[in-house]
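K.L.:
Sharing a structure, written as structure tokens. Questions coming.
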Amino acid sequence: MNDTIQVFNNHAMGVVTQEQIDALCPAAKEAVQTLEQGTGEGSDFLGWLHLPSGIDEATLASIESCARQLRTDCDYVVAIGIGGSYLGAKAVIEALNDAFAAYKPAAGAKVLFAGNNIGEDYIHDLMDLLDGKRFGIVVISKSGTTTEPAIAFRLLKEMLERQQGKEFAARHTVAITDAARGALRSLATEEGYQTYVIPDNVGGRFSVLTPVGLLPIAVAGFDIRALVAGAVEMERAGDDLTIRYAATRNALYRAGKKIEILVNFDPRLHFLAEWWKQLYGESEGKDHLGIFPASVDFTTDLHSMGQWIQDGERTIFETVLSVGDQKHSVVIPSDAADLDGLNYIAGRRVDEVNKMAELGTRLAHVDGGVPNLLITIPALTERYLGQLIYFFERACGISGYVLGVNPFNQPGVEAYKKNMFALLNKPGYEAQSAAIQARLKG
């Protein structure tokens, strides 16, 4: 078994040639130099580039200590954040967790997430769960004024103080925010919260290996040192894998494959795909350019999306995440009556059947005109997830520069906010509010 993740693009051939991919490799190598030298657009947001190897012992020890206190003192810890302020942590926790952890007794606090939507019933149900419970809060926001997390924090802060008192609330609220400015920084100073810094030069979607991701992951009981070590391994591994991935997906894009579907055959990777979609969607979707990032969970979605992928419009390619070893072994038993016709696989592990479903699906989709890239992950452990996270981050920067966009800004995200603020009559948005009302009447 390989000791690192691997990338294979041999099933992209037929739609694009190796020569077409090779033709983009110089641009990808130039993008690597642009990243390393900090000469491209968005270069003030390259703090993630050598972040793994720059994390010091004091930071890791502090995060572990804080996590231990929250795990010991609380029944639940609510991580409040949106976008990159929660997706990375959620992805790692879900990938490593027992699938039914929510229904089983826990050795320490369970991590919950809030502030990633404005669903009233969601926040009501969360508050109902926390009623009478000892809980802690990890609030993540550079500004402290982003609408979704700000609403959740205001509600949960008031609830925690009312239930446990201001002293308990202050000791069990952690703010991960700007180093010196912003509403959350001011409140944390006033209330005496423990704080960690979101580096100015690390955008949210690249922040999983900062305290933004590391603290919730540690609270959930996972080994953040192994996660960081895996990322360091990939940081130091050279760019053969990242260049291959970036060049291949850009060659496919130029050949008319406008949608990349990230495929997994392990349900624990669902939120890893959600994190990946934000990483690539916000990074590449600029100037009316960019591959649209989508995802499916197989074999589940073969019974819903499988028909479209097999026979629909040929504008897609798939990148398959294939997991090697499973944590557990479950063997299919024999049955004397064999009414379900499964005795032909009796004595085999469930994972063997899943692996053959994976291979069979890839072959069928390639035969149907869907190029397939393959990323193999030896096992779902902290180390290999660290490798995978850094691989996708670095490949994203390279791919964005090959595409010709700034991979590190997200100007389009603000459009909906301005309309929402105007519709809610936020001070300062009077003119836009009047324009919107006139538009709605017209």
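The values are calculated or read from the model by the stated rules, or taken from the named source; none is laboratory data. What you see is a predicted model; the values in this text were computed from it and never measured. All Cβ positions, even for glycine, are placed from backbone atoms using ideal geometry, and neighbour counts span all protein chains on display. The accessibility values were calculated without ligands, DNA or RNA, using every heavy atom of the protein model including side chains. Shrake-Rupley method; radii C 1.70, N 1.55, O 1.52, S 1.80 Å.
K.L.:
What pairs come out if I take residues in the stretch 360-384 that are within 20 Å of TRP308 (Cα to Cα) and of a type outside the set (Val, Ile, Thr) and pair them with residues that are open to solvent by 20 Å² or more (accessible area, probe 1.4 Å) and assigned to a loop (DSSP other than H, G, I, E, B) whose C-beta lies under 8 Å away, six or more apart or interchain?
P.N.:
Listed pairs, sorted by first residue: GLY369/VAL15; GLY369/ARG314; PRO371/GLY14; PRO371/VAL15.
K.L.:
Please work out if LYS418 is within 24 Å of GLU148 (Cα to Cα) and part of a loop (DSSP other than H, G, I, E, B).
P.N.:
On the way: within 24 Å of GLU148 (Cα to Cα): yes; part of a loop (DSSP other than H, G, I, E, B): no.
No.
K.L.:
Taking ALA294 as meeting all but one of (1) surrounded by fewer than 20 Cβ atoms within 10 Å (Cβ to Cβ); (2) outside any strand (DSSP E or B); (3) of a type in the set (Gly, Ala, Ser), write down the number of the exception.
P.N.:
Single failed check for ALA294: (2).
K.L.:
Within the stretch 363-387, count every residue that is surrounded by 14 or more Cβ atoms within 10 Å (Cβ to Cβ) and either touching a His at 6+ places or on another chain (Cβ under 7 Å) or aliphatic (A, V, I, L, M) (or both).
P.N.:
Of the residues in the stretch 363-387, 11 are surrounded by 14 or more Cβ atoms within 10 Å (Cβ to Cβ) and either touching a His at 6+ places or on another chain (Cβ under 7 Å) or aliphatic (A, V, I, L, M) (or both).
K.L.:
Further question on the same structure: Residues TYR416, TYR390: which one is among the aromatic types (Phe, Trp, Tyr), touching a helix residue (DSSP H, G or I) at 6+ places or on another chain (Cβ under 7 Å) and either surrounded by 14 or more Cβ atoms within 10 Å (Cβ to Cβ) or without any contact (Cβ under 8 Å) to a residue 12 or more places away in the chain (or both)?
P.N.:
On the way: TYR416 fails: touching a helix residue (DSSP H, G or I) at 6+ places or on another chain (Cβ under 7 Å).
Step by step, each of TYR416, TYR390 is checked, and only TYR390 is among the aromatic types (Phe, Trp, Tyr), touching a helix residue (DSSP H, G or I) at 6+ places or on another chain (Cβ under 7 Å) and either surrounded by 14 or more Cβ atoms within 10 Å (Cβ to Cβ) or without any contact (Cβ under 8 Å) to a residue 12 or more places away in the chain (or both).
K.L.:
Now a separate question. Mind checking whether some residue in the stretch 87-107 is of a type in the set (Val, Ile, Thr) and open to solvent by 20 Å² or more (accessible area, probe 1.4 Å)?
P.N.:
At the first step, the residues of the stretch 87-107 found to be of a type in the set (Val, Ile, Thr) are 92-93.
Keeping just the survivors that are open to solvent by 20 Å² or more (accessible area, probe 1.4 Å) gives none.
Checking the stretch 87-107: not a single residue is of a type in the set (Val, Ile, Thr) and open to solvent by 20 Å² or more (accessible area, probe 1.4 Å).
K.L.:
What are the residues in the stretch 305-328 that are open to solvent by 80 Å² or more (accessible area, probe 1.4 Å) and either part of a loop (DSSP other than H, G, I, E, B) or polar (S, T, N, Q) (or both), if any?
P.N.:
Result: MET305, GLN307, GLU313, LYS327, HIS328.
One line per residue, one yes/no per condition, for (1) in contact with a strand residue (DSSP E or B) (Cβ under 7 Å, 6 or more places away or on another chain); (2) exposed (fewer than 15 other Cβ atoms within 10 Å of the Cβ):
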| site | (1), (2) |
| --- | --- |
| ASN10 | no, yes |
| VAL16 | no, no |
| CYS25 | no, no |
| LEU35 | no, no |
| GLY42 | no, no |
| THR72 | no, yes |
| VAL78 | yes, no |
| GLY81 | yes, no |
| GLY84 | no, no |
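K.L.:
Here is a further query. Do the conditions hold for ALA231, that is, is it open to solvent by 20 Å² or more (accessible area, probe 1.4 Å), within 16 Å of the chain's Cα centre (by Cα), modelled with pLDDT of 95 or more and aliphatic (A, V, I, L, M)? Break it down stepwise before answering.
P.N.:
Numbers: open to solvent by 20 Å² or more (accessible area, probe 1.4 Å): no; within 16 Å of the chain's Cα centre (by Cα): yes; modelled with pLDDT of 95 or more: yes; aliphatic (A, V, I, L, M): yes.
Taking the combined requirement at face value, the residue does not satisfy it.
K.L.:
Looking at LEU24, LEU96, can you tell me which residue is closer than 20 Å to ILE389 by Cα, hydrophobic (A, V, I, L, M, F, W, C) and in contact (Cβ under 8 Å) with a residue 40 or more places away in the chain? Before the answer, list the steps.
P.N.:
Values: LEU24 fails: closer than 20 Å to ILE389 by Cα.
On inspection, the qualifying residue turns out to be LEU96.
K.L.:
Starting from the stretch 342-356, take each residue that is exposed (fewer than 14 other Cβ atoms within 10 Å of the Cβ) and list its partners that are in a loop (DSSP other than H, G, I, E, B) and among the hydroxyl-bearing types (Ser, Thr, Tyr), counting only C-beta distances under 6 angstrom and pairs at least six apart or across chains.
P.N.:
Pairs that qualify, where the first residue is exposed (fewer than 14 other Cβ atoms within 10 Å of the Cβ) and the partner is in a loop (DSSP other than H, G, I, E, B) and among the hydroxyl-bearing types (Ser, Thr, Tyr), are ALA346/SER334.
K.L.:
Return the residues of the stretch 208-265 that are part of a loop (DSSP other than H, G, I, E, B) and closer than 30 Å to THR177 by Cα; say none if nothing qualifies. Step through it out loud before you land on a result.
P.N.:
Initially, the stretch 208-265 is screened for residues part of a loop (DSSP other than H, G, I, E, B), giving 208-210, 220-223, 236-239, 255-258, 265.
If the condition is that a residue be part of a loop (DSSP other than H, G, I, E, B) and closer than 30 Å to THR177 by Cα, then VAL208, LEU209, THR210, ALA220, GLY221, PHE222, ASP223, ARG236 are the ones that fit.
K.L.:
Among the residues of the stretch 244-274, write down those that are of a type in the set (Asp, Glu) and open to solvent by 40 Å² or more (accessible area, probe 1.4 Å). Before the answer, list the steps.
P.N.:
Of the stretch 244-274, the ones of a type in the set (Asp, Glu) are 260, 266, 274.
Across the stretch 244-274, the qualifying residue is only GLU274.
K.L.:
Tell me yes or no: at least one residue of the stretch 190-205 is in contact (Cβ under 8 Å) with a residue 60 or more places away in the chain and under 19 Å from GLU94 (Cβ atoms).
P.N.:
To start, the set of residues in the stretch 190-205 that are in contact (Cβ under 8 Å) with a residue 60 or more places away in the chain comprises 194, 196, 199-205.
After this cut, where a residue has to be under 19 Å from GLU94 (Cβ atoms) as well, the list is 204-205.
Taking every residue of the stretch 190-205 in turn, at least one turns out to be in contact (Cβ under 8 Å) with a residue 60 or more places away in the chain and under 19 Å from GLU94 (Cβ atoms).
K.L.:
So which of LYS90, LYS133 is in contact (Cβ under 8 Å) with a residue 24 or more places away in the chain and in a loop (DSSP other than H, G, I, E, B)?
P.N.:
Criteria check complete, one pass: LYS133.
K.L.:
Quick check on this structure: which one of THR210, THR177, THR147, THR189 is open to solvent by 40 Å² or more (accessible area, probe 1.4 Å) and more than 15 Å from PHE113 (Cβ to Cβ)? Even if it seems obvious, please write down each step before you answer.
P.N.:
Numbers: THR210 fails: open to solvent by 40 Å² or more (accessible area, probe 1.4 Å); THR177 fails: open to solvent by 40 Å² or more (accessible area, probe 1.4 Å); THR147 fails: open to solvent by 40 Å² or more (accessible area, probe 1.4 Å).
Residue meeting the stated conditions: THR189.
K.L.:
Also, I was wondering about something else. If LEU112 satisfies all but one of (1) touching a strand residue (DSSP E or B) at 6+ places or on another chain (Cβ under 7 Å); (2) surrounded by fewer than 19 Cβ atoms within 10 Å (Cβ to Cβ); (3) more than 30 Å from VAL413 (Cα to Cα), what's the number of the condition it fails?
P.N.:
(3)
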